[in-house]
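The values are calculated or read from the model by the stated rules, or taken from the named source; none is laboratory data. What you see is a predicted model; the values in this text were computed from it and never measured. Glycine also receives a Cβ, built like all others from the backbone with ideal geometry; neighbour counts cover every protein chain displayed.
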Amino acid sequence: MNKTSFQIARAFLDGRPKKVGNTITDGKAVYLFGNKIAEWREDGMWITNCGWLTRTTKERLNAIGTYVNFGVHQRRKQWHLASAIFPSDSMYHWDGNWVRVHKELPESVDLNAKSTEIVVSKRWVGYGYRGSFEVDNSVFSTSDTGMWEDSPYRSDEALANVKYAQDILKSYGIKSKHVTCETSNVFCINHFVVVSEHDYEKANHYIQTSNL
């Protein structure tokens with residue numbers, strides 16, 4: 001396991017924010033490429049692979065597991081999970097869905113704390129054979145269907161609105177990030193303006209009361 005995995009794991013277990021490369025923790029959860037793969041809850045630690053059976057996902061989880069006694073292993077392209085809270089010597093085939101691997105919430109972790117870091121947390125929302133990503137702590141979003149003559153959401157107008165939203169937030173001293181996500185429609189992408197959890201309520205108020 002590399003240095004990044006252990007740095008993120010240690011910060012997560014200590015309940016403090018840290019970002020290293022493609023991985024970030026706000027002290028309450030761990031995000032890899034914007035996907036939440038671990039989080040603290042009132043009843044302990046829960047993990048998931050978000051459907052990504054990648055070496056990096058497994059490495060990030062196993063780095064955390066070295067401190068709280070759980071491990072993710074791969075056999076014949078299938079993932080298996082062992083944890084100290086499971087029956088002795090048991091290892092289960094794991095479908096990657098959320099599962100509890102540790103029973104205690106450390107005193108150092110404050111679940112009510114609101115992070116000042118801008119964490120891009122994406123989740124896929126499907127409806128039938130269609131779907132799109134939603135982004136946590138987004139205060140503005142708009143579709144973008146390109147620059148075709150009949151485009152209902154022109155790129156130039158979408159990007160102008162994104163800039164306008166960010167300018168509004170900047171005027172109030174609120175940092176934001178522009179995030180672009182794909183949809184199941186190859187002719188459409190969605191733009192989001194994301195802020196920190198700490199700034200979300202006031203940022204959302206400023207955007208909602210603007211002319212956007």
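Look through the range 183-198, keep the residues that are within 24 Å of Gly146 (Cα to Cα) and surrounded by 15 or more Cβ atoms within 10 Å (Cβ to Cβ), and return whichever of them is nearest to the chain's Cα centre (by Cα). Quick ask: steps written out before the conclusion?
To start, the set of residues in the range 183-198 that are within 24 Å of Gly146 (Cα to Cα) comprises 183-194.
Retained after the next criterion (residues that are surrounded by 15 or more Cβ atoms within 10 Å (Cβ to Cβ)): 183, 188-194.
On the way: Thr183: 17, Cys188: 22, Ile189: 19, Asn190: 17, His191: 16, Phe192: 14, Val193: 15, Val194: 12 Å.
That would be Val194.
Scan the range 141-164 and tell me whether some residue there is of a type in the set (Phe, Trp, Tyr) and under 21 Å from Gly34 (Cβ atoms).
Taking every residue of the range 141-164 in turn, none turns out to be of a type in the set (Phe, Trp, Tyr) and under 21 Å from Gly34 (Cβ atoms).
Filter the range 129-182 down to the residues that are of a type in the set (Ser, Thr, Tyr), modelled with pLDDT of 95 or more and within 22 Å of the chain's Cα centre (by Cα) and list them by number.
Ser138, Ser141, Thr142, Ser143, Ser176, Thr180
From the list Phe70, Phe33, pick out the single residue that is hydrophobic (A, V, I, L, M, F, W, C), farther than 27 Å from Glu117 by Cα and outside the structural domain of Val195 (by TED's automatic domain parsing).
That would be Phe70, the only listed residue that is hydrophobic (A, V, I, L, M, F, W, C), farther than 27 Å from Glu117 by Cα and outside the structural domain of Val195 (by TED's automatic domain parsing).
Identify the residue in the range 49-90 that is within 17 Å of Asn22 (Cβ to Cβ), buried (at least 18 other Cβ atoms within 10 Å of the Cβ) and touching a Gly at 6+ places or on another chain (Cβ under 8 Å) and, among all such residues, is modelled with the lowest pLDDT.
Cys50
Return the only residue of Val119, Val109, Val179, Val186 being of a type in the set (Val, Ile, Thr) and not in a loop (DSSP other than H, G, I, E, B).
When all the criteria are applied, what remains is Val179.
If Ser121 passes every condition in (1) in contact with a helix residue (DSSP H, G or I) (Cβ under 9 Å, 6 or more places away or on another chain); (2) among the hydroxyl-bearing types (Ser, Thr, Tyr); (3) over 15 Å from Phe12 (Cα atoms) but one, which one does it miss?
Among (1) in contact with a helix residue (DSSP H, G or I) (Cβ under 9 Å, 6 or more places away or on another chain); (2) among the hydroxyl-bearing types (Ser, Thr, Tyr); (3) over 15 Å from Phe12 (Cα atoms), Ser121 violates only (1).
Quick check on Gly96: is it free of Cβ contacts under 8 Å to residues at least 60 places away in the same chain, surrounded by 12 or more Cβ atoms within 10 Å (Cβ to Cβ), on the phi > 0 side of the Ramachandran plot and in the same structural domain as Gln166 (by TED's automatic domain parsing)?
Judged against the criteria, Gly96 is not a match.
Mind checking which residues of the range 114-128 are within 7 Å of Ser196 (Cα to Cα) and surrounded by 14 or more Cβ atoms within 10 Å (Cβ to Cβ)?
Listed by number, the residues that qualify are Ser115, Glu117, Ile118, Val119.
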